[in-house]
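The structure under discussion appears below in the form of structure tokens.
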Amino acid sequence: MKLAAKLSLVSVIAVIAVLAASNYFAAQIAISKIKRDHEAYASKMASQMERSILDAWRLGGVEAMRATLNSEGASPIARWVWFEESVTSTTRPSATADFSTVVTRKEITSFVSTAGDGGHLLHTYYPVDLGIPRVGGLEFTRSLADYDRETMSKLIEFLLVVGLLAIVSILVVWFAGVRLVANPLEKLTAATKRIGGGDYRCRVKLSGKDELSQLAKSINEMSSHLETQKSAIERETRDKLLVTQQLRHADRLKTVGRMAASIAHEIGTPLSVVSGRAALIAKGNLSPEKVRQNAETIQSETDRITEMIRQVLDFSRQLPVEKTEIDLNEILIQVTELLTTVAERNGVSIEAALADTRALAHLDGGQIRQVLTNVMVNGIQAMEPGGTLFVSLSRFQPEKAMENDCSSFEWEIAVRDEGAGIPEENLEAIFEPFFTTKDVGDGTGLGLSLAYSMVQEQQGRIEVSSEHGKGSEFQILLPGLTREALTREA
């Protein structure tokens, strides 16, 4: 509807402009004709009067010329004027009258002036050569009352016509704008909104062969094309989901197979020990001391089987995360003290470097201890006697965070060993469940996998780098506690 109103306004303005220009040029043509007629009349009368005027000039000067003009009684009234005199109401029709054409070119000139009653007068000047430097001539004056009345009549007619045309134009343009423009545009707008909302079955029905109909046709073609693409994408998505499900199923089968094989290997050895020692006790040929030793061995192997089963259950069960404010420095100290005995038993030493300030974080302390324990034990077992395990805690500022928010940071726990390193072909598999390069009975391959899952649950990440013959380094990156979080908790 707004577009129709604009079209109506533009149409009315255009009609008024055309009619106004037409009337203006008609008025100019009319006044030009009147000037030409009056100049022709003045030229004819001046030619007839010029000899008597010159004779009067030679006999009595200006007064004699003026007396001659009055006696002649010429109509319209002619009077003598000097063109070089000062600008006054008696010598020139208006202050803007320019007599240069009469003076220099000796050509007849006309001016229009306004009388005291508001009417207009036409003044025509005919130059007369008196043979002296001073230039003068005859002034013929004519009333333009008829022209003014005709102009006023045309102006009234113009206003009436403009008013009538404005009303007709508004009605016609409004009707045409609403029917031919506004309604089709509303349909097109509604269709584009529906298409933008995902309804690609929407179609615009517009008859005709104008631009809006062509636009509707293009929108329909685009909608049809989008509908086809959407259907194709949905089919591809379903196919991908099906393939993904199949891959996940195959991966689960692979994991189950590896888990079964690993458990069979891991549990097989202690079960054989338990079976053998139990058989010895059952024969009754052992001394009480031997019976006690075999019973302790059976208990030790049973505990070993229990620990293996616990690790498998921990891996398969999603334990709830209980986050609290912790100091990672304290966690690192506790884990280092706990593993010192294990390291010494393997002939390895541990060097720990804490953060310079309190390393506050909002994490599950139990899971972080488990992660550090698994990673550090893996490093201890990867080294020969005499090696050193280096553990450090420092503040890490990601590049993206530095650009956007300086208060966002991470804590980096680096664990570096001096072992043989991890072969490049195994780097991508070390966090997979049940993957291990240790001998049967030395591990289930769940330690690093559990650590990886726990770090992810803390919205952190764990990365590894290794060089053959120079050891490996694990980087555990955990979200730090920002100033805003500390302020809120305070």
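Which condition from (1) farther than 30 Å from residue 23 by Cα; (2) touching a residue at least 60 places away in the same chain (Cβ under 8 Å); (3) aromatic (Phe, Trp, Tyr) is the one that residue 158 breaks? That leaves (1) as the condition not met. For region 441-468, the candidate set comprises residues that are modelled with pLDDT of 80 or more and among the small types (Gly, Ala, Ser); within that set, the residue that is surrounded by the fewest Cβ atoms within 10 Å (Cβ to Cβ) is 465.
Selection of region 307-333 for residues being surrounded by 11 or more Cβ atoms within 10 Å (Cβ to Cβ) and either modelled with pLDDT of 75 or more or more than 28 Å from residue 476 (Cβ to Cβ) (or both) yields 323, 325, 326, 327, 328, 329, 330, 331, 332, 333.
Residue 371 passes every criterion in (1) buried (at least 22 other Cβ atoms within 10 Å of the Cβ); (2) more than 23 Å from residue 422 (Cβ to Cβ) apart from (2). Consider region 340-356. How many of its residues are out of contact with any strand residue (DSSP E or B) (no Cβ under 6 Å at 6 or more places or on another chain) and within 15 Å of residue 413 (Cβ to Cβ)? Residues that pass the stated criteria total 1.
If only residues of region 141-175 that are of a type in the set (S, T, N, Q) and more than 30 Å from residue 79 (Cα to Cα) are counted, the one that is modelled with the highest pLDDT is 153. For region 369-382, the count of residues that are at pLDDT 85 or above and more than 23 Å from residue 448 (Cβ to Cβ) is zero.
The values are calculated or read from the model by the stated rules, or taken from the named source; none is laboratory data. It should be emphasised that the depicted structure is a prediction, and the values quoted were computed from it without experimental measurement. Positions of Cβ are backbone-derived with ideal geometry, glycine not excepted, and every protein chain shown enters the neighbour counts.
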